[in-house]
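Everything below concerns the one structure shown next.
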Amino acid sequence: MPILPRIGISQCLLGDNVRYDGGHKLDSVLIETLGQQVEWVPVCPEVEIGLGTPREPMHLVGDHHAPRLITLNTRMDHTDAMTRFAQQRVRELEALNLSGFVFKSASPSCGIRQVPLFNTQGIDTHDGVGLFARTLMEHFPEMPVEEESLLHDPQVLKDFLERVFDYRKTR
């Protein structure tokens, strides 16, 4: 039996209670559709940097090119911890020979497009990229990545899977 491609995934999408509110975002459609074709490698950057569950929600603040990861109420800055973690974790994931990654949309750590980003005037520009996702995509510029919300489209899912298998062949 051939070895399944390893796909990184935001851990909350697997149904694990790792989100800031103590819950999950189980994506049963995605899991049922891809579950037999891939081996999941779960990652929850916020839990893995030592933040508890539940925890204070966070958002991205500042410049699009160098956003800060700030908690909403206490204004704690977790940017440096997340940056250190992300740099270490992508090296660990490299050793696992990932063939793709599925990120949780709109997450300040995992979103890959249109993540809420509050500029210096406090206006939400929705042009942020999650800190962990940004690091992973910079480290693996050719690796197929997608947000779970788009993978509900059968054509996007098909294209993603094709890119995953093509990427795996080239490695």
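What follows draws every value from the coordinates through simple rules; no lab data is involved. On a predicted model such as this, the values are computed, not experimentally measured, just so you know. No Cβ is skipped: glycine too gets one built from the backbone with ideal geometry, and neighbour counts run over all protein chains shown.
A few comments on the model shown:
- Region 79-110: number of residues that are more than 16 Å from Lys25 (Cβ to Cβ), in contact with a Phe, Trp or Tyr (Cβ under 7 Å, 6 or more places away or on another chain) and of a type in the set (Gly, Ala, Ser): 3
- Leu136 being within 17 Å of Arg91 (Cα to Cα), crowded, with 23+ Cβ neighbours inside 10 Å, touching a residue at least 12 places away in the same chain (Cβ under 8 Å) and in contact with a Ser or Thr (Cβ under 6 Å, 6 or more places away or on another chain): no
- Condition check for Gln37: surrounded by 21 or more Cβ atoms within 10 Å (Cβ to Cβ), polar (S, T, N, Q) and either without any contact (Cβ under 8 Å) to a residue 40 or more places away in the chain or touching a helix residue (DSSP H, G or I) at 6+ places or on another chain (Cβ under 9 Å) (or both): no
- Only one entry of Leu117, Leu98, Leu60, Leu72 meets the criterion of being within 19 Å of Pro42 (Cα to Cα) and either touching a residue at least 12 places away in the same chain (Cβ under 8 Å) or of a type outside the set (Phe, Trp, Tyr) (or both), and that entry is Leu98.
- Residue list for region 4-60, restricted to those being in a loop (DSSP other than H, G, I, E, B), of a type in the set (Gly, Ala, Ser) and more than 29 Å from Asn73 (Cα to Cα): Gly35
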